[in-house]
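Take a look at the structure set out below.
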Amino acid sequence: MFSHIVIFWTDPAQPNATEDLLAGANQYLKPIPGVLSFHVGKMVGSHRPVVDQSYQVALNLIFPSKQAQDDYQAHPLHVEFVEKVFKRVCKKAVIYDFE
């Protein structure tokens, strides 16, 4: 298995950025073939200081292999998401990939 986790920081100047990002992920990313598990959601606050609470949205994808994730990255819907949604509403993203 191959896990791909993306942590997003939205643009605070855009009041609907979080909702737009969630909607865009569901519209463009969820239909891409090869994903075994798709989960996108808002940050959940915690009383534990070890939990990072500086971001707004996280995306957690599981693929059967690194090649499936590489294919996902090149898929036209992923490219469209980056151009039409991510670049418009996000200030930063950090990505964690692991097997």
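Couplings 3J(HN,Hα) for region 45-50, derived from phi with the Karplus relation 6.51 cos²θ - 1.76 cosθ + 1.60 (θ = phi - 60°), are x, 9, 7, 7, x, 6 Hz, where x marks Gly and Pro. Ordering D71, D52 from the fewest to the most neighbouring beta carbons within 10 Å gives D52, D71. Projected onto planes of every orientation and averaged, the convex hull of the alpha-carbon atoms in the chain covers 6.4 nm².
If only the Cβ of Lys and Arg carry +1 and only the Cβ of Asp and Glu carry -1, the dipole of the chain around its Cα centre is close to 240 debye.
Under 5 Å from the amide H of K91 lie the amide H atoms of W9, T10, D11, each residue being 5 or more positions distant or on a separate chain, with H modelled from the backbone and absent for Pro and chain starts. 3J(HN,Hα) couplings calculated from phi for region 27-44 with the Karplus curve 6.51 cos²θ - 1.76 cosθ + 1.60 (θ = phi - 60°) are, in sequence order, 6, 9, 8, 4, x, 5, x, x, 8, 7, 9, 10, 9, 10, x, 7, 4, 10 Hz; Gly and Pro show x. Here K92 is the anchor, and the aspartates and glutamates within straight C-alpha reach of less than 12 Å, apart from those fewer than 8 places off in the same chain, are D11. Ranking Q27, A17, S65 by Cα position along the charge dipole of region 1-72, where only Lys, Arg, Asp and Glu carry charges on their C-beta atoms, puts S65 farthest toward the positive end.
Distances between placed amide hydrogens fall under 5 Å for H75 paired with no residue 5 or more residues away or on another chain.
Sequentially through region 83-88, phi angles give Karplus couplings (6.51, -1.76, 1.60; θ = phi - 60°) of 6, 8, 10, 3, 5, 7 Hz, Gly and Pro residues having no value and appearing as x.
Rule-based calculations on the coordinates, nothing more; no lab input. Note that the coordinates shown come from a computational prediction; the quantities given were computed from them, not determined experimentally. Backbone-built Cβ (ideal geometry, glycine too); neighbour counts: all protein chains shown.
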